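Some notes on the structure that comes next.
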Amino acid sequence: MKLRAALVTAVLIAPLAITGTAAHADPNNNSVRKLVKAVNGKNVKRHLKVLDLIAKANGNTRVDGTRGYELSRDYVAGLLRLAGYKVSTQKFTFENLEFKTKPVFERKSPSPQVFALGLDWTPSGHTAEGTFSGKVQAVDVMIPPGPAPNSSTSGCEAADFAGFTPGNFALIQRGTCGFSVKVANAKAAGASGVVLFNEGQEGRTEADVNPDLGGPSDLPVLFASYWTGRDLAATPGAEVGFTFSWETVTKSYTTYNVLAETRHGRDDNVVMVGGHLDSVEDGPGINDNGSGVGAILEVALQMAKSRPENKVRFAFWGGEEFGLLGAEHYVANLTEQERADIALYLNFDMIASPNYVYHVYDGDNSDGVGAGPGPEGSAQIEKYFEEFYASRGLASKGTDFDGRSDYGPFIAVGIPAGGLFTGAEKRKTPEEVAKWGGTAGERYDRCYHQACDDIRNINDTALDVNADAIATLVGTYAFDPSKINGPHSPGVGVRAKLVDEAPSSQS
């Protein structure tokens with residue numbers, strides 16, 4: 001089996017090596033301008049095509065612990081070794097609590113559709129277990145929603161169920177009263193199950209609520225996004241099915257981080273660049289996160305023969321989809337000095353969403369939402385990215401440092417960070433369409449965490465532009481130490497501070 005995997009990997013790598021992408025990078029790519037010129041979206045897309053082929057040959061997934069992930073690891077590591085990098089694989093194990101039987105919620109008719117778990121719906125923590133089906137009947141819903149949260153009174157009064165057909169699933173909107181009241185009223189009206197859905201105002205659209213039912217329910221209860229609820233309400237009498245089991249199993253995984261480091265540059269001023277290599281179990285993960293992997297890999301290959309002033313360390317993380325585990329493992333196993341030697345971390349996770357927005361991590365908290373600013377130096381990273389987009393005549397937009405990707409463990413220990421993100425499950429606004437095009441009301445990535453996240457799920461324009469943005473920032477920090485701002489600024493670095501604080505030997 002290992003021999004077969006090695007042969008497959010060799011076949012995948014060979015075309016790129018032959019054309020010179022891996023082994024014949026130009027040693028003159030030693031400036032930002034030259035590096036950006038060398039990196040192009042077509043070559044990045046070739047890496048994505050390989051990852052897509054790997055997934056298709058291995059159950060349409062590259063999740064940790066599978067042949068798909070191992071071949072992805074070998075592809076990345078193999079190309080980087082061919083290019084002359086010092087490459088290491090960091091092995092680690094973890095356990096994950098999983099459903100023995102995956103929950104399923106689907107509309108059987110009309111227009112059959114399987115709703116995506118975690119995106120379109122989530123089961124309530126106190127739902128009844130088993131297999132259920134029935135027709136959906138809306139209960140006093142308000143679509144479109146009222147202007148303010150808690151405008152809807154759906155399901156709050158017994159009178160709301162006047163005319164309700166016993167045995168149907170009650171479709172009830174989030175609003176003024178508690179979820180337990182809504183479910184109790186539905187049960188009293190003879191409902192065989194309850195589909196609660198979000199109300200619809202800004203910040204109240206996603207399937208991200210675990211409704212408090214006041215204890216275990218003998219009805220199947222789930223919580224759906226506003227969009228799912230709206231669609232079900234628009235198809236009166238839609239027949240839905242619901243399968244769920246609380247049976248869980250603990251699975252153990254072994255996986256790997258791939259790390260590649262330039263042979264030149266200051267090792268006390270390391271520029272780290274990373275993105276996660278794994279996909280979810282349900283799909284090949286070509287936007288999430290083949291796009292980031294492909295761009296990082298191409299930048300690394302194109303600067304392989306250059307001699308940066310600062311050492312650059314490229315990281316391809318495992319275990320991200322299970323909770324940033326690869327990056328956490330890496331950071332947790334650094335010595336204090338090794339942490340101090342990392343000048344900054346750049347993260348690239350989903351950079352080619354089909355309905356994209358050019359998001360830049362909000363290092364200075366200028367947006368004033370959610371999490372606060374990143375560690376000192378993060379604001380400058382954001383500024384450089386904004387300047388890149390402005391130089392192309394493109395708009396960019398801040399996105400919160402909410403810890404959803406692999407930068408989280410770095411900023412938690414005070415390492416400056418930044419990066420790009422073109423959007424996942426949230427929906428594009430009309431204002432964003434005016435700046436970037438696309439479709440209002442649709443997800444940035446309609447295939448996020450789904451089987452359709454394949455090579456067809458990539459926006460080539462966003463991929464090409466963001467590959468240049470990555471090359472710009474990596475080159476800026478690799479070739480010019482003076483651009484690093486904060487604890488590692490020339491003359492005020494950690495080591496310099498230690499020297500300055502030591503007692504003088506002269507009296």
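The values are calculated or read from the model by the stated rules, or taken from the named source; none is laboratory data. Since we're looking at a predicted model, the values are computed, not measured. Here the Cβ is made from the backbone with ideal geometry for all residues, glycine too, and neighbour counts use every protein chain on show. Areas reflect the complete protein model, heavy atoms only, side chains present, ligands, DNA and RNA absent. Shrake-Rupley method; radii C 1.70, N 1.55, O 1.52, S 1.80 Å.
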Quiz prompt | Residue-averaged 222 nm ellipticity for the chain, from DSSP H runs of 4+ at -39500 (n - 2.57), nearest 500 | solution = -9000 deg cm²/dmol
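Pairs of alpha-carbon atoms within less than 8 angstrom and 6+ residues apart define the contacts here; what relative contact order does the chain have, in percent?
Details: 1144 pairs, mean separation 93.9, N = 507.
Normalised by residue count, the contact order of the chain is 19 percent.
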Practice problem: Using the charge dipole of the chain (Lys, Arg: +1 at Cβ; Asp, Glu: -1 at Cβ; taken about the Cα centre), state which of ASN457, ALA434, ALA224 has its Cα farthest towards the positive end. | Solution: ASN457
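For the stretch 100-232, report the % of Cα-Cα distances exceeding 24 Å.
Numbers: 1675 of 8778 pairs.
Here the tail beyond 24 Å accounts for 19 percent of pairs.
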Exercise. Please report how far the C-alpha centroid of the stretch 87-156 lies from that of the stretch 376-434, rounded to the nearest whole angstrom.
Key: 29
Quiz item: Given +1 on the Cβ of Lys and Arg, -1 on the Cβ of Asp and Glu, and no further charges, what dipole in debye does the chain carry about its Cα centre, rounded to the nearest 20?
Solution: 1680
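Run through the stretch 99-199 and list the trypsin sites (Lys or Arg not before Pro) located in a DSSP loop whose Cβ has at most 10 other Cβ atoms within 10 Å.
Working: sites: LYS100, ARG107, LYS108, LYS135, ARG174, LYS182, LYS187; in loops: LYS100, ARG174.
Filter output for the stretch 99-199: LYS100.
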Quiz item: So for the chain, taking the charge dipole from beta-carbon charges (+1 Lys/Arg, -1 Asp/Glu), which of PRO103, HIS126, SER366 sits furthest toward the positive end?
Solution: PRO103
Quiz item: In µm²/s, what is D for the stretch 169-313 at 37 °C and 0.692 mPa s, where D = kT/(6 pi eta Rh) by Stokes-Einstein and Rh is the Kirkwood radius from Cα pairs?
Solution: 164
Quiz item: Full extension from TRP246 to LYS435: what is 0.36 nm times the residue separation minus their Cα-Cα distance, to one decimal in nm?
Solution: 63.6 nm
Self-check item: Qualifying trypsin sites (Lys or Arg not before Pro) in the stretch 210-292, DSSP loop, other Cβ atoms within 10 Å at most 13
Solution: ARG263
Practice problem: Among GLY193, LEU71, SER279, flag the residue with its Cα farthest along the positive direction of the charge dipole of the chain, charges on Cβ as +1 for Lys/Arg and -1 for Asp/Glu. | Solution: LEU71
Quiz item: Angle, helix 460-479 long axis vs. longest principal axis of the chain, Cα atoms, 0 to 90°, nearest 10?
Solution: 40
Quiz item: What's the angle, to the nearest 10 degrees (0 to 90), between helix 378-391's Cα axis and the longest principal axis of the chain?
Solution: 90
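Report the relative contact order of the stretch 60-170, percent, no decimals, based on alpha-carbon pairs under 8 angstrom and at least 6 residues apart. All intermediate terms of the calculation are to be shown ahead of the outcome.
On the way: 66 pairs, mean separation 16.1, N = 111.
Contact order relative to length: 14 percent.
What is the sum of charges around THR235, taking Lys and Arg as +1, Asp and Glu as -1, for the other residues whose C-beta is under 12 Å from the C-beta of THR235?
Working: positive: ARG107, LYS108, LYS135, ARG230; negative: ASP231, GLU239.
Taking every other residue near THR235 into account, the sum is +2.
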Exercise. Could you check how many percent of all C-alpha pairs in the stretch 56-170 are farther apart than 26 Å?
Key: 52
Quiz item: By average Cβ neighbour count within 10 Å, what is the ranking of 193-205, 233-245, 161-173 from highest down?
Solution: 193-205, 161-173, 233-245
Self-check item: Whole-percent carbon and sulfur share, accessible surface of the stretch 231-288, 1.4 Å
Solution: 43
Quiz prompt | Translational diffusion of the stretch 250-373, µm² s⁻¹ [Kirkwood Rh, Cα pairs; Stokes-Einstein; 4 °C; 1.567 mPa s] | solution = 81
Self-check item: Descending principal axes extents, the chain, alpha-carbon based, whole Å
Solution: 86, 60, 44
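Is there a pair in LYS37/LYS397; LYS45/LYS305; LYS45/LYS100; LYS56/LYS397; LYS45/LYS311; LYS311/LYS426 whose C-alpha atoms are over 29 Å apart, and which pairs would that be?
Values: LYS37/LYS397 25 Å; LYS45/LYS305 22 Å; LYS45/LYS100 36 Å; LYS56/LYS397 34 Å; LYS45/LYS311 26 Å; LYS311/LYS426 36 Å.
Where the Cα-Cα span goes over 29 Å, the pairs concerned are LYS45/LYS100; LYS56/LYS397; LYS311/LYS426.
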Self-check item: Between 0 and 90°, nearest 10: helix 41-56 axis offset from the chain longest Cα axis
Solution: 50
